[in-house]
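Here is the structure we will look at, set down as structure tokens.
The values are calculated or read from the model by the stated rules, or taken from the named source; none is laboratory data. All values reported here derive from a predicted model rather than from experimental measurement. Glycine also receives a Cβ, built like all others from the backbone with ideal geometry; neighbour counts cover every protein chain displayed. Surface areas here come from the heavy atoms of the whole protein model, side chains and all, with no ligands, DNA or RNA. Shrake-Rupley method; radii C 1.70, N 1.55, O 1.52, S 1.80 Å.
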Number of protein chains: 2
Amino acid sequence: MNSKIKDLCKLLRYDVITSTTAAGSGHPTTCLSAIELMGTLFFKGFFHFDPDHHESILNDRIIFSKGHAAPLLYALYHAAGLISQDDILSLRKFDSVFEGHPTPRFKYVDVSTGSLGQGLSIGVGMALGIKTKIQMSNVKIKREPKVWVLIGDSEIAEGQVWEAMEIASHYKLNNLVAILDVNRLGQRGETMLGWDLKTYEKRAQAFGWETIVIKDGHDIEEIKNAYHHVDERPTTNAKPTMIIAKTIKGKGVSFLENKDNWHGKPVPKDRLEEALKELSKVNLKVRGTVTKPKLVKGLELRVLGKTQNSQPSTINYKPGAMVATREAYGDALVTLGEKNPNLVVLDAETSNSTYADKFKNNFPERYFEMYIAEQNMISVALGFSKLGFIPFISSFAAFLTRSFDQIRMAQYSNGNVKICGSHAGVSIGSDGPSQMALEDISMMRSILESTVFYPSDAVSAYNLVYQSMSTSSLTYIRTTREKTPILYSSQEKFTVGGSKILKQSKNDDAVIFTAGITVHESLKAYEELKKEGINVCVVDLYSIKPIDSLTIHNLVGTGRDLSLPKINNVIVVEDHYPYGGLGEAVMSQIKDLTSKISFTHLAVNKIPRSGTPEELLAYEKINAAAIVKICKGVLQYAPTSLKKTVTAKEQLTA
Amino acid sequence: MNSKIKDLCKLLRYDVITSTTAAGSGHPTTCLSAIELMGTLFFKGFFHFDPDHHESILNDRIIFSKGHAAPLLYALYHAAGLISQDDILSLRKFDSVFEGHPTPRFKYVDVSTGSLGQGLSIGVGMALGIKTKIQMSNVKIKREPKVWVLIGDSEIAEGQVWEAMEIASHYKLNNLVAILDVNRLGQRGETMLGWDLKTYEKRAQAFGWETIVIKDGHDIEEIKNAYHHVDERPTTNAKPTMIIAKTIKGKGVSFLENKDNWHGKPVPKDRLEEALKELSKVNLKVRGTVTKPKLVKGLELRVLGKTQNSQPSTINYKPGAMVATREAYGDALVTLGEKNPNLVVLDAETSNSTYADKFKNNFPERYFEMYIAEQNMISVALGFSKLGFIPFISSFAAFLTRSFDQIRMAQYSNGNVKICGSHAGVSIGSDGPSQMALEDISMMRSILESTVFYPSDAVSAYNLVYQSMSTSSLTYIRTTREKTPILYSSQEKFTVGGSKILKQSKNDDAVIFTAGITVHESLKAYEELKKEGINVCVVDLYSIKPIDSLTIHNLVGTGRDLSLPKINNVIVVEDHYPYGGLGEAVMSQIKDLTSKISFTHLAVNKIPRSGTPEELLAYEKINAAAIVKICKGVLQYAPTSLKKTVTAKEQLTA
């Protein structure tokens, strides 16, 4: 009765071996251990998927968390008749969408994997998203779509997997199924637990999961029974399921089976024949059928309705009033949430500090507490975003550094994730350096296609949360713990790549580029200097990435707008370490240095400590007094240094 | 019989409450739940510590992983008579070493905590370090020093805690004791498990730990029995121990006890009297005694003997030979390891790719497999370093982004940790973007006091591993997957902050600053351009941080060395995204832009994909052909653009 599925598994093995040998690289042995597990899932009616409506929320999802098994993933779609043999043989080629690790460049792939241990968290986001959408749609549905995640036994060492485990049982995600491929061998040898299925089972159960053990992960009958068990569970059983299968790495080719030193190595061309012979007769024409889900009115598409990037509803922050930008973040989430049913909010146990709790109090059904597990939070948000939700996530900016790898990977999944990091900079004061984000601008700028905002007052913060909705990319909003005075009227417009010139005169001696809390220090400095007859231009670069290149060029005299006065003395002030932040962002814009510019960068240059915000801004020399001092110094010394060099040049050319 | 310890606990409560109220911020309720647990540990003879020899390896270690309980930590040393009441009342003040979260500025603190979930991993490193040193010293010892880690029940949601749990049992660390303070309440409400001690116990046991449950974490008798049980375990029992104690947040002050919304809030001044009254009579003079460990010859100090930063032993990489820099990393570890008994090596399941396995094969007793858990690896290395070891750790550079928070925190612990990230850049080829480190330079530069090296050939790589030994700071070495030709002779010297001018003439039209794989592309470009009569200067900036500011200034004409020709056209080429990398590092050095400079930055500007290294370097326009093209373009257009601006200036001044 299983002869066809056996033929299909032969084809999968054939494709995996031939495609990796043709590519000259890849991980065939990792694929071979999961052939029967995946072949049975796809072609015995357990995985529900409609290729003609792959946007539909009614489809099951499959995530290869062990992304290096990509050749098997592609082979499955070949065996399903959705891609060709030529596609299979284009593996890892530059012009092919069939990359070394899965990416959404192949249309049936939702998310990029390959940095291990992230897939289950993404699955949690999708499983939660499916339940959320069905609940919001008030549609009765017979079979809830499932999210299947293939996990490797090496990657389960990643703590993030256990973050996903604990949160999946907490949220009762009985539509989430993890398939643990226990092939015993990692890249350089045996895993911590080898084939100790009992311990894997104990751990999964302790984390609130139902477990099903498959003693022989290559026995189709045993695998079928496991999947049947999952299908036939009463919906009252609210636990997620982990299928723990003992498999053999390299299964099917004797000289690869359960051997060390074959990880990430294809079968050499001169042994290909020997390997293929072991598959015996392969029917290259056999094709399997994937069960299509029944269409259900009101649940055709992932997206929940058009996102409205309309103008911010008017807010009444009174000019001069003291409001923290982090509070404006919460205010904006609430008004945005009213207009956008797709908007969901996640926070890592800090919602009463980030003000995400304002949204929680208004839309509890769209707020998801992620507890203190930032890595999982980012990947869960990615899962939500791939179903058409727009997730806003928040924590202390310092702790988001923990999820840099997940943020990095989210970009390769085209994840539309909005991140807010609060309590940025030394200005948080007495909690000390562990709580101060001083590398976060650098981190978020380094993501190639990210957008980075750093508002200085509640009005700009509120508006920039709206702006972040209008971008389809990863967006980062840096907020401040301290209350700061309102600078802008509620009519003021803020744009991606914009800036605000707060102070300017026809005879400015210097220009101060800054953002966030130091905008206020710069304005105080402006007043001080003005008393002494020194004019400085003050610019709020609230959009750190993309940065307002035109305004910078025009002001420093490298631009082409001749109506503006040119300023040679540039000062950048930021509450961040000197590397990769606002200072370097400004420098990187001054490409053609065809005018004489003196550049001074005030940033956090000493390891901070506990103290008051005022003491720390002074200690790091990024407060008003330091700005005043530096401006005077620059204006005093600039001419001299200038003169020196001119002489030097004269001497040279002499 | 427990009257004195009860008096001491009263004093601890008094100090916690008064110090946080005096500071006007802090987390008293978090401290109050752990008073009896810590008071009994310190003053009933379980914690062995000699304040006069706090460098001794014979001391037990205590890590407050729940760093926000710092006021309790300080109170313990006050109750031990080691610090004064004034010290306690200086909590969180700018000039005090008693910060909001513990830092080594207070001499009895080993590591900074406050980013939750890291303490247990650090404890794993210390427990492993203690066992390693005792084993290497061949000294018989009656009582093995213990490492005690106080963990909060909120932070146990962090996956890193479970990475520490699995590795601690894997390495049989029976000298590691975790004390889980289950006070039920996190910052914004109840934890996932609340007071469900059973589930905590099941999880810890499933991860291979022995567990002891304390039903009343404020009952000194029950706590004593738990610690006695730990002390009296047969040394044949190889399991680490977790003490799981049910406690009450805010214990001792009725209006704080088990209440929401008191996290991170001190008792208001106007309720201080009311709170203190509940402590009844406090004896401010009572002092407890901490048991001192017996001195053991040969084990007085943490450090294992002087580190030898001697010259690299001669290596014979033949000029022109093809050797990957990652392989040279392994070679250097071996020769360094012969001279330095303090050197230990950790890797996250990639040792056969990073070449850390060369060290493993030579010094198995000093190599520690960390499996696929990068966060834990960094914190374990920090633990080792605080005992005087010098840990070198490695993985794919892309995956080290996962441990950014742990690296960030290591700097606040003055951790002497050496990190090697391999497989950097798009030049790894067909594995695709998930495996490519393109943000790692930005990440490692952003750490305030880090050193960052990016060698281009095996000779410089080998030498820079030696240089990293000579720094006492966090050091990062970026290595390349591909084999690259040997450029340097084995006599060549490489220094922190150095560079190599590889090509230079008296009439160079442009200078190319680069590092790593693109050094070779730049040299190919140099030859191409030379054929066409264009001279370019090529500089290998192998020390990205600190960067060779003097050479940059001298070459681009902002320096003072008049013997060198001045070059106006600057080109930076790097296999990294454009943000926070080499390009911005160079820009940030050109502070006084008093000469006319055209700056061109070649970096990875498109999301990469699978392909050959050659295809990807071409796709991203960072290969020789792209450099040749850009050089010609720059030289063609520079004069024009220059002229334009001059005109603009003339118009302005007119």
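Structure notes:
- Residue-normalised accessible area of chain B, given per residue in Å² at a 1.4 Å probe: 32
- Extreme residue, positive dipole direction of chain A, given options A:Pro234, A:Asn568, A:Ile220 (C-beta unit charges): A:Ile220
- For chain A, with +1 on Lys and Arg beta carbons and -1 on Asp and Glu, the positive-most of A:Leu448, A:His520, A:Ala348 along the dipole: A:Leu448
- Cβ charges +1 (Lys, Arg) and -1 (Asp, Glu), total dipole of the stretch B:3-277, debye: 280
- Of B:Ser499, B:Ile428, B:Ala618, farthest towards positive along the dipole that unit charges on Lys, Arg, Asp, Glu beta carbons give chain B: B:Ser499
- Counting Cβ atoms of other protein chains within 10 Å of each Cβ in B:365-371 and taking the mean gives 2.
- Net charge of Cβ neighbours under 15 Å - reference A:Lys318; Lys, Arg +1; Asp, Glu -1: -3
- B:Ala625 label point (Cα plus 7 Å toward Cβ) to equivalent points in the other copies: 6.0 nm, shortest first.
- Heavy-atom accessible surface of chain A: percent carbon and sulfur, 1.4 Å: 53
- The C-alpha atoms of chain A define a longest principal axis, and helix A:3-23 lies at about 40 degrees to it.
- Using a cutoff of 8 angstrom between alpha carbon atoms and counting only pairs six or more residues apart, the relative contact order for chain B works out to 12 percent.
- Angle between chain A longest axis and helix A:374-385 axis [Cα atoms, degrees, rounded to 10]: 70
- Area hidden from solvent between B and A (accessible, protein heavy atoms only, 1.4 Å, total, Å²): 10200
- Near B:Ser422, the amide H atoms lying under 5 Å from its own belong to B:Ser395, B:Phe396, B:Ala397, B:Thr479; only residues 5 or more places off or on other chains count, and H is placed 1.01 Å from N.
- When A:Asn361 is represented by a point 7 angstrom out along its Cα-to-C-beta vector, the spacings to that point in the other copies are 6.4 nm, nearest first.
- Accessible area (Å², 1.4 Å probe, nearest 10) - A:Ile428: 10
- The stretch B:3-277 - percent relative contact order, Cα under 8 Å, separation 6 or more: 24
- Computed over neighbours whose Cβ is under 13 Å from that of A:Val344, the net charge equals +3, Lys and Arg +1, Asp and Glu -1.
- Peptide ranges B:23-29, A:19-25 listed from the most packed, as the mean C-beta count within 10 angstrom indicates: B:23-29, A:19-25
- Dipole magnitude for the stretch B:322-485: computed about the Cα centre from +1 point charges on Lys and Arg Cβ and -1 point charges on Asp and Glu Cβ, it is near 280 debye.
- Shown are B:His520, A:His54, whose ranking by accessible area with a 1.4 Å probe and every protein chain present, most to least, is A:His54, B:His520.
- For trypsin sites (Lys or Arg not before Pro), the sites in the stretch A:479-585 that DSSP calls loop and that have at most 14 other Cβ atoms within 10 Å are A:Lys493, A:Lys506, A:Arg560.
- Cross-link reach list, aspartates and glutamates versus A:Lys93, counting only Cα pairs under 20 Å and skipping chain neighbours closer than eight places: A:Asp15, B:Asp431, B:Glu482, B:Glu614, B:Glu615, B:Glu620
- Position B:Lys292: other-copy label points at 8.3 nm, ordered by increasing distance, label point 7 Å along Cα→C-beta.
- Relative contact order of the stretch B:1-136, pairs being alpha-carbon contacts under 8 Å that are 6 or more residues apart, as %: 25
- Partner chain coverage, peptide A:373-379 - average Cβ within 10 angstrom: 3
- Bridge type composition, chain B - antiparallel percent by DSSP, nearest 5: 15
- DSSP-defined beta bridges in the stretch B:3-277 - what % are antiparallel, rounded to 5: 5
- Tilt relative to chain B, helix B:325-339 - C-alpha long axis, 0 to 90 degrees, to 10: 50
- The mean number of partner chain beta-carbon atoms within 10 angstrom of a residue's beta-carbon across peptide A:114-122 is 4.
- Within chain B: Cβ-based charge dipole about Cα centre, in debye rounded to nearest 20 (Lys, Arg +1; Asp, Glu -1): 920
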